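Input: a single structure, listed below in structure tokens.
The values are calculated or read from the model by the stated rules, or taken from the named source; none is laboratory data. On a predicted model such as this, the values are computed, not experimentally measured, just so you know. Cβ coordinates were reconstructed from backbone atoms using ideal geometry, including for glycine residues, and neighbour counts include every protein chain displayed. Note: accessible area is taken over every heavy atom of the protein model, side chains too, but ligands, DNA and RNA are not part of it. Shrake-Rupley method; radii C 1.70, N 1.55, O 1.52, S 1.80 Å.
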Amino acid sequence: SQTIHQWPATLVQPVGSPLSLECTVEGTSNPNLYWYRQAAGRGLQLLFYSVGIGQISSEVPQNLSASRPQDRQFILSSKKLLLSDSGFYLCAWARGGGEQYFGPGTRLTVT
Amino acid sequence: AQSVAQPEDQVNVAEGNPLTVKCTYSVSGNPYLFWYVQYPNRGLQFLLKYITGDNLVKGSYGFEAEFNKSQTSFHLKKPSALVSDSALYFCAVRRFYNNNDMRFGAGTRLTVKP
């Protein structure tokens, strides 16, 4: 069976500090991968998606970036965090055109 | 572009009563519709999907959803609610089979009271 991991689970970072969130998927190959942000426990905003190694599409302009160095690894980064980057970050994977499966999430608080 | 609307921020039902969580969608062409559930501080869990075929779709934990093309709706239902069903529910829509453009609703908080 497939599993998706995210770490860390929680993170508190000062404004202006760098960020690196990691997501890995087990039990499948060549998945589509996604980063979402959920603010205030409500709607999801798609940040990035990837259909293959090194292939990243950005949905919203902001100070975040994503990379996919390996088939089942997806990383969300920032060089300098803003207060507005606080939120719940969710990674998801999908096989082809199927439904998306989500990781447990990372709660980021920027102080 | 596609979109979904969940007209109710909050739904309250008594345990044992039927529940409905509403969702309407807007998309050009055939929609692909999904329901997800989220428990506090957790990721979303997939419940069910409509791709094609029968308008009544059955999913996990006794949930089902009815696709109504004329009303552009995809309401989530359960015949008998449990306290453990209390959570945040999201409807999502995708156009065609493009898996990279899924749009989520704002979510509906379901509270089941004992």
Self-check item: Within a Gaussian network of chain B (alpha carbon springs, distance under 10 Å), most fluctuating of B:K49, B:K78, B:K69
Solution: B:K69
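How large, in percent, is the carbon and sulfur part of the accessible surface of chain A at a probe radius of 1.4 Å?
Numbers: 2670 of 4950 Å².
Taking all protein chains in place, chain A shows 54 percent carbon and sulfur surface.
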Quiz item: At a 1.4 Å probe, what is the % contribution of carbon and sulfur to the accessible area of chain B?
Solution: 48
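Which FRET efficiency value, to the nearest 0.05, do you get for B:Q10 and A:L83 by plugging their Cβ-Cβ distance into 1/(1 + (r/R0)^6) with R0 = 30 Å? Present the calculation step by step, with values, prior to reporting the outcome.
On the way: r = 28 Å, r/R0 = 0.95.
Result of the calculation: an efficiency of 0.60.
How big a patch of accessible area, both sides summed and in Å² to the nearest 100, lies buried between B and A at a 1.4 Å probe? Display every interim value, and only then the final one.
On the way: alone 6310 and 5830 Å², together 10390 Å².
Answer for the B-A pair: about 1700 Å² buried.
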Exercise. Pick out, from B:Q45, A:Q62, B:T108, the residue whose Cα sits farthest towards the positive end of the charge dipole of the protein assembly as shown, with +1 on the Cβ of Lys and Arg and -1 on the Cβ of Asp and Glu.
Key: A:Q62
Practice problem: Taking all pairs of distinct Cα atoms, average 1/r, flip it, and tell me the Kirkwood hydrodynamic radius of the stretch B:33-114 in Å to one decimal place. | Solution: 13.4
Self-check item: lysines with Cα under 29 Å of B:K49, excluding same-chain neighbours fewer than 8 positions away
Solution: B:K22, B:K58, B:K69, B:K77, B:K78, B:K113
Quiz item: Can you give the average number of partner chain beta-carbon atoms within 10 Å of each beta-carbon in peptide B:28-41, as a whole number?
Solution: 2
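Take peptide A:44-57, look around each residue's Cβ out to 10 angstrom, count Cβ atoms belonging to other protein chains, and average those counts. Please list the in-between numbers first.
Values: counts 11, 1, 5, 0, 0, 4, 1, 2, 0, 0, 0, 0, 0, 1.
Shielding by partners across A:44-57 averages 2.
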